[in-house]
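Notes to accompany the following structure.
The values are calculated or read from the model by the stated rules, or taken from the named source; none is laboratory data. This is a predicted model, so every value here is computed, not measured. A quick note on method: Cβ atoms are made from the backbone with ideal geometry, for glycine too, and the neighbour counts reach across all protein chains shown. The accessibility values were calculated without ligands, DNA or RNA, using every heavy atom of the protein model including side chains. Shrake-Rupley method; radii C 1.70, N 1.55, O 1.52, S 1.80 Å.
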Amino acid sequence: MSQVHALSDDQVGQELRKMTAFIKQEALEKAREIEIKANEEFSIEKSKLVRQETDAIDAAHAKKLKQAAMSQQITRSTVANKTRLKVLAARQQLLDDIFEAASKRLVEGTKDKAKYKVILKNLLLEGLYALSESDIQVRARKEDYNEVKDAIKDAEDEYKKNTGKETKVTIDEENPLPEGSAGGLIIVGGQGKIDINNTFEERLLLLQSSALPAVRETLFGKNPHRKFYD
């Protein structure tokens, strides 16, 4: 039978020291593992937080840049529109001034009586051809009645020569053109229900409408944005 020898106090002390050293070593290694893992997790979390903050800063910066670009674009567009409107307004004012000046000079067309009589005849003929009636009235300025009477005779003769029809034109002295009228005629037919306004003022309005594109092009050049032309 084997004998069990009791450990001496020194042996017990050595064993305890060995166990203590082992446990301490294990604890140190475990602590180092925990520290290393904690450091790794800290680095990962730190990198994650830094990346998140960087992304947030980049996003905020990109948003501000986008807002700034949009604001700049709106400002440029607003300025361009205001400038365009000012240019258009200035051009329109120039056109208005031109036609206003022309309006003030309309009366000059009546000073040369011989030429004015021819103008009256041609204005009357337009109405005669358009109405094609046997009885026509004309309204004119009282001061033009002498020239109108001559124009009526010439127009009646030319109308008959060109159409083979006779027409009788009389002056509607009860309804003369108002004072201040520049000249011209109003030709009345259809028993007073149809009238053709061939006064100088009306002809200028028609010219203003029909000739306006050509006047614009002459003054300001062709419109690069216009795609269609009549």
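Laid out as a table, the results:
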{"item": "Accessible area of the chain belonging to carbon and sulfur atoms, whole % at 1.4 Å probe", "result": "55"}
{"item": "DSSP bridge pairs, the chain: antiparallel proportion in percent, nearest 5", "result": "70"}
{"item": "Cα-based helix-to-principal-axis angle, 200-220 vs the chain, degrees rounded to 10", "result": "40"}
{"item": "Anchor residue 66: aspartates and glutamates whose Cα lies under 14 Å away (excluding residues fewer than 8 positions away in-chain)", "result": "58"}
{"item": "Loop-exposed GluC sites (Glu not before Pro) per DSSP, neighbour cap 12 Cβ within 10 angstrom, longest uninterrupted part of the chain", "result": "1-165"}
{"item": "Cross-link table 149/193; 115/168; 117/153; 104/222, entries beyond 18 Å C-alpha to C-alpha", "result": "149/193; 115/168; 104/222"}
{"item": "Interchain or long-range residues, amide H under 5 Å from residue 195's placed H", "result": "189"}
{"item": "Loop-located trypsin sites (Lys or Arg not before Pro) in segment 78-171, at most 14 other Cβ atoms within 10 Å (DSSP)", "result": "105, 111, 165"}
{"item": "Relative contact order for the chain, counting Cα pairs under 8 Å that sit 6 or more residues apart, in percent", "result": "15"}
{"item": "Whole-number accessible area per residue in Å² for the chain, which is evaluated in the context of all protein chains at 1.4 Å", "result": "77"}
{"item": "Value at 222 nm in deg cm²/dmol, rounded to 500, when DSSP H runs of n ≥ 4 in the chain each add -39,500 (n - 2.57)", "result": "-25000 deg cm²/dmol"}
